[in-house]
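Working notes for the structure below.
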Amino acid sequence: MEKIQCSVAIQVLPQVDDSQVIGIVDKVIAYIKSLSLTMTVGPFETTVEGDFDTLMDMVKECQHICISAGAPHVLSYVKIHYSPENGIWSINQKTAKHNEQQDSLLLEIIRWKRQISCTATHQK
């Protein structure tokens, strides 16, 4: 398996009316998805893994998308983890244990809701 050499977390904030922000951000996320790279969309930023040059080109294109969509200017917050020789930890390696805990919690909530529903049904 090839090592992941770079990870980028990007948050774009197109400087437009609030009613336009999500539409422009959605265009940026659609572009990132079109690259078919491993990625995770979060509430504040999108994290993407790949080779350094591809990800730097992606960061640049995200700016162009915002401007093309009507933003007169854009603020972007970018975090880069780059290690061409040793590689970096994958998104999954960094988050899997937390996602498993979250999944377990969601299952417990579902079970609890079912119990309440069954109890309510039997009391009628």
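Values as computed for the structure displayed
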| read-out | value |
| --- | --- |
| Residue check, K94 at pLDDT below 95 and under 16 Å from A9 (Cβ atoms) | yes |
| Wholly within segment 1-84, strands (runs of 3 or more DSSP E) carrying at least 2 residues that are farther than 30 Å from A96 by Cβ, outside the structural domain of A96 (by TED's automatic domain parsing) and in contact (Cβ under 8 Å) with a residue 12 or more places away in the chain | 74-82 |
| Selection within segment 54-87 - modelled with pLDDT of 95 or more and among the acidic types (D, E) | D57, E61 |
| Within segment 15-43, tally of residues that are under 11 Å from the mean Cα position of the chain (by Cα) and more than 15 Å from S68 (Cα to Cα) | 8 |
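The values are calculated or read from the model by the stated rules, or taken from the named source; none is laboratory data. All of these numbers come straight from a predicted model, not from anything done at the bench. Cβ coordinates were reconstructed from backbone atoms using ideal geometry, including for glycine residues, and neighbour counts include every protein chain displayed.
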